[in-house]
1. Order 215-225, 51-61, 32-42 from most to least packed using the mean count of other Cβ atoms within 10 Å.
2. Kindly state, to the nearest 0.05, the FRET efficiency for residue 33 paired with residue 103, given R0 = 25 Å and r defined as their beta-carbon distance.
3. Using a Förster radius of 41 Å, what is the FRET efficiency between residue 177 and residue 148 based on their Cβ-Cβ separation? Nearest 0.05, please.
4. For residue 235 and residue 113 in one chain, what is 0.36 nm times their gap in residues minus the Cα-Cα distance, to one decimal in nm?
5. Which of the peptides 238-244, 287-293 is most tightly packed, and how do the rest follow, judged by the mean count of other Cβ atoms within 10 Å per residue?
6. Quick one: which residues, 5 or more positions from residue 292 or on another chain, have an amide H under 5 Å from its amide H? H modelled 1.01 Å from N in the peptide plane, none for Pro or chain starts.
7. For residue 228, go through the lysines and keep the ones whose alpha-carbon is under 22 Å away, minus same-chain ones fewer than eight residues off.
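Values in this text are rule-based calculations from the coordinates and carry no lab data. This one's a predicted model, so the numbers in the text were calculated from it and none came from an experiment. Counting neighbours? That spans all protein chains shown, and the Cβs are built from the backbone with ideal geometry, glycine included.
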Amino acid sequence: MIEATDKIISPKFERLIILATRASVFVAFILLVIKVYAWLATGSMGVLAALVDSLLDLGASLINMFAVRYALMPADEEHRFGHGKAEALAGLGQAAFIVSSALFLIIYTLERIVHPELLESFEVGFSVIGISMIMTFILVIFQRHVVKLTGSIAVKADSVHYASDLVTNAGILIGLLLYHFGWLYSDPVIGLLIGVYILKCALEIGYESVQLLLDRELPDEEQALIHKLATKHPEVIEVHDVRTRQSGQTKFIQLHLVLDGGLTLAEAHRLSDEVEINIRKEFQYADILIHQDPHTERSDS
């Protein structure tokens, strides 16, 4: 068998992933500062929703940054399967934090719907949300570039989250515009909808994190690809007991090969290496374990 690499990702891609996590922290901090100013200037529930969302973004990005750095560490004597589950644990922490903040936002906006208040400094709120959308858009473009090159699940999740912020901020702009043209309840109503949306995202993050901790199988299309790559070898009679999971950036693949029972140990070992090479072309940094089973009918012929 070919020894599994002790690096789960190339150094170049590792640097890109770390840079992407740092960029998200930087953007979240800048957006939080300017949204605090905008909320104090306007009193807008929509801007408060955006402020809370940016606070969540900053907390989530900080957790993500440290979790990714830890998850990228190679396996050691005490963690023989690596440190990848740190990402899932961080996701659970993020989900709990986001749920509590979303509930606070929902309660606060409901109170404002019952007791509406006038907004001030409309131009400030509108300008700040517009700037936020531009910065977020640039960050999402960079994150998707990193995901395309590295396939990082953590950066992909962060990118999806910030992409949803674009929709959130667009909703806030609409609420401010409607308020400006006379609809008093538009701002708190949109703030409430954003709070519900944040709660939904938090529950999805929590579910995905739990599934990773429970070693859910890789997606069906990836399992089918693994089976196809293994069976394409002309000397492989059958492939069965394919088991997969993912921990951080590392994908773990286990399978049984049914081979001619008349092969020598050395020949079976060589053949398994060739199958592993085929699989590793598509799953470069996976941890692959192959077991050989003899096909007795073939050996008797």
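1. Details: 215-225: 13.2, 51-61: 23.2, 32-42: 18.7.
The densest-packed peptide leads the list: 51-61, 32-42, 215-225.
2. Details: r = 25 Å, r/R0 = 0.98.
FRET efficiency, residue 33 to residue 103: 0.50.
3. Details: r = 35 Å, r/R0 = 0.85.
Working from the Cβ atoms, E equals 0.75.
4. Working: separation 122, 0.36 × 122 = 43.92 nm, distance 7.04 nm.
Working it through step by step, the gained length comes to 36.9 nm.
5. Values: 238-244: 14.7, 287-293: 16.9.
My ranking of the peptides, most packed first, is 287-293, 238-244.
6. 257
7. Once the sequence-local lysines are set aside, what remains near residue 228 is 251, 281.
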